[in-house]
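The structure appears below as C-alpha cells.
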Amino acid sequence: MPITTEAITPAAAAPPELPLDQHELLRLLAGGLSDQAIGRRLGMSRRTVQRRIRSLMDFFDVQTRFQLGMCAARRVISVIEQPL
C-alpha cells in the first residue's frame, strides 16, 4: 500500500503554535547562539534560558538541543515556503 499525503491533514502537518518570545528563542537557538548570548539578547538570565529550552524540548518531544535546533530550522523553512 503506497503512502500518500492525503492522510496528512493540514492541522496535523502544521507546527504547533508558540508565543512570540518562544519563537524568538528558537530562532536564536537555531542560529547557534549560546544560552548566555540568547539571555543577553532577550534580557533574561542564562538559567531562565536553560529552563525555557528544556520546556521547548519537552514540548517538541526531543532529547537534545541539536534536535530542538532542527525543529526550529524546520519551522523557519515551513514559514518561508508558505505562499503569500
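Restricting to the stretch 30-49, name every residue that is surrounded by fewer than 16 Cβ atoms within 10 Å (Cβ to Cβ), of a type outside the set (A, V, I, L, M) and assigned to a helix (DSSP H, G or I).
Within the stretch 30-49, Q36, R40, R41, R46, R47, T48 meet the criteria.
Under 6 Å by Cβ, and 6 or more places apart or on different chains, what pairs join a residue from the stretch 22-45 that is more than 16 Å from Q67 (Cβ to Cβ) with one that is among the polar types (S, T, N, Q)?
Close Cβ pairs satisfying both conditions: D35/Q50; G39/S45.
Each value in this text was obtained by applying a stated rule to the coordinates, not by laboratory testing. This is a predicted model, so every value here is computed, not measured. As a convention, Cβ positions derive from the backbone with ideal geometry for all residues, glycine included, and neighbour counts pool all protein chains shown.
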